[in-house]
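Remarks on the structure that follows.
The values are calculated or read from the model by the stated rules, or taken from the named source; none is laboratory data. Computed from a predicted model, the values in this text were never measured in an experiment. Every residue, glycine as well, gets a Cβ built from its backbone with ideal geometry; the counts of neighbours run over all protein chains shown.
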Amino acid sequence: MSKIAPLLSLFLIVVISGCFGDEEFSTSPTDSLTLSSDTLSLDTVISGESTTTYKFWAYNPHKKAVRLRQIQLEKGTGSPFRVNVDGMFLPGGTLPPDANIEVSGGDSIRVFVEMTAPKTESDSLIKIEDKLIFTTESGASSKIVLTAAAQDVITLKGVIVSDTLTLSGSKPYRILDSLYVAPGATLRVAPGTTLLFHARTSLKVAGKLLAEGTQDKPVTFRCDRLDLMFENQPYDRVPGNWGGLVFVEGSVGNRLTYCDIHGGTSAIKATKAELRIENSSVHNFVEHLVESIDSDIYIGNSEVTVSGGDCMIITGGSLMAVHCTIVRCMPIMTYMTEPAVALRFSNGKPDDKHPLTLCDFYNCIITGSEDDDIMGEDCSTTDDLTAFNYHFHSCLLNTPESEDISQEGCLWDKYKPDAPGSEKDEDSSRLHNFDPLFNEGKLIWDFTLNPKSKAVGSADATVTWQTYPNDRNGHSRMTDSKSDMGCYEYISPENKQ
């Protein structure tokens, strides 16, 4: 035993020395790092602001370790990108001379990249690009392309419109706090103009709003987050990022034409106001889309879709909707706790009455994911007949069929599994009226019609001729002497351009 102990000690010394000895490094000019992507696309951001931080991996697929001689941005100090490699910041976009970054065989390092968008004077989006190059001690190199985009904006803060103000031009306006149109004043928004609202900000109108876009140059109301919430998912497709449009008592003559309003908390609130909406989209809000109290509202050839609350909630006043697609399905995030529907209308409550003088729908689709998406409530009594006037004409309605409903020429968007032949309608009712279906991966809805939908060819053609012979996308509704309910005419694949 006395001879074995020295031999064992010598063996352990050799093994331990081998473990802590210098690792063998590659000298091959072909042993480069493998990057997890050829291109890293960062966010689109407002000029002067920073993107979120992105990351990628640099792998050493070889048996021997590699030592990095240089890591650098091709544009050097002129690059707007900032890089951190394995916890080490690269000042001026270049690896410091005394830095020592080694990657063992089969190992990897993590690289972080962000960018501050430079100020521009351009009205359009400016693409930004650079390359990050990794060079080993033996001269092997690999590179990744870094891309981003910057949007210059006109910033409005603390603005009160007291006379007449026109917002126009191809450069977006950014609203940092709520924009207010005073009584007697007019805010005009020219075709092609985009208004970007910061978190929790709104447009409040006591005077008049004239947002009049065109088919080719719509007016857009949206949030000011141009970046991504997570990979491949822009904030622009997520609700709750700004407030909405508020029309208060005495606001009359408001017009929204070819407007795209999306992604906020509560889209349109009107109290004792007057509003006309045509050829527009009100889409994807956390709460209600159109909320009216004692107001006079007309909505034509428009889409009112995707809400955490009701798509339309009408209390008193008057409303007329023609060729509208009103669809209630839930957005990705919602704070509403009460059941919501596509349409809710009433004349108030017994102790808070609001006469409903008119609530009429022509050639509309009113549906959603509920068993019943239309709720009407009459609070009047035999002693007090508060006005409760409503009518549906040539509409597709997702509500139980009843003789008590004031309607003419309507169809019932109700799948009944026990009814004979109803299995034929299972794939063309409620949310299946539309094609394609909701894209959950990209949070995209499409409310163009499924050819199997009952809405196809079922509208009142006389109403169509008198109001909207072309659908919201500009397609003719009368090519076959029939027209479709809703704001979109079904276009067969062979007729699509």
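Residue by residue through the range 365-382, note down the ones that are aliphatic (A, V, I, L, M) and free of Cβ contacts under 8 Å to residues at least 40 places away in the same chain.
Start the filter on the range 365-382 by keeping residues that are aliphatic (A, V, I, L, M), which leaves 365-366, 374-375.
Scanning the range 365-382 gives I374, M375.
Select from the range 329-366 the residues that are modelled with pLDDT of 95 or more and acidic (D, E) and list them in ascending order.
D360
Of the residues that make up the range 229-238, is at least one closer than 23 Å to R188 by Cβ and under 20 Å from the mean Cα position of the chain (by Cα)? Can you show your working first?
If we filter the range 229-238 for residues that are closer than 23 Å to R188 by Cβ, which is where we start, we get none.
No, the conditions are met nowhere in the range 229-238.
Name the residue, out of S394, S369, that is modelled with pLDDT under 95, under 27 Å from V456 (Cβ atoms) and assigned by TED's automatic domain parsing to the domain that holds S307.
Checking each option against the conditions leaves just S369.
For the list (1) in contact (Cβ under 8 Å) with a residue 60 or more places away in the chain; (2) closer than 22 Å to S178 by Cα; (3) acidic (D, E), I need the number of the one condition that E303 fails.
(2)
For the range 160-177, which positions are crowded, with 18+ Cβ neighbours inside 10 Å and either in contact (Cβ under 8 Å) with a residue 24 or more places away in the chain or of a type in the set (S, T, N, Q) (or both)?
From the range 160-177, those crowded, with 18+ Cβ neighbours inside 10 Å are 161, 167, 172-175; that's our starting set.
Hits for the range 160-177 are V161, L167, P172, R174, I175.
On the given criteria, is D216 assigned to a loop (DSSP other than H, G, I, E, B) and not assigned by TED's automatic domain parsing to the domain that holds Y54? Steps first, please.
On the way: assigned to a loop (DSSP other than H, G, I, E, B): yes; not assigned by TED's automatic domain parsing to the domain that holds Y54: yes.
Against the criterion (assigned to a loop (DSSP other than H, G, I, E, B) and not assigned by TED's automatic domain parsing to the domain that holds Y54), D216 qualifies.
For K119, indicate whether it is among the basic types (K, R), part of a strand (DSSP E or B) and assigned by TED's automatic domain parsing to the domain that holds D38. Steps first, answer last, please.
Working: among the basic types (K, R): yes; part of a strand (DSSP E or B): no; assigned by TED's automatic domain parsing to the domain that holds D38: yes.
In short, no.
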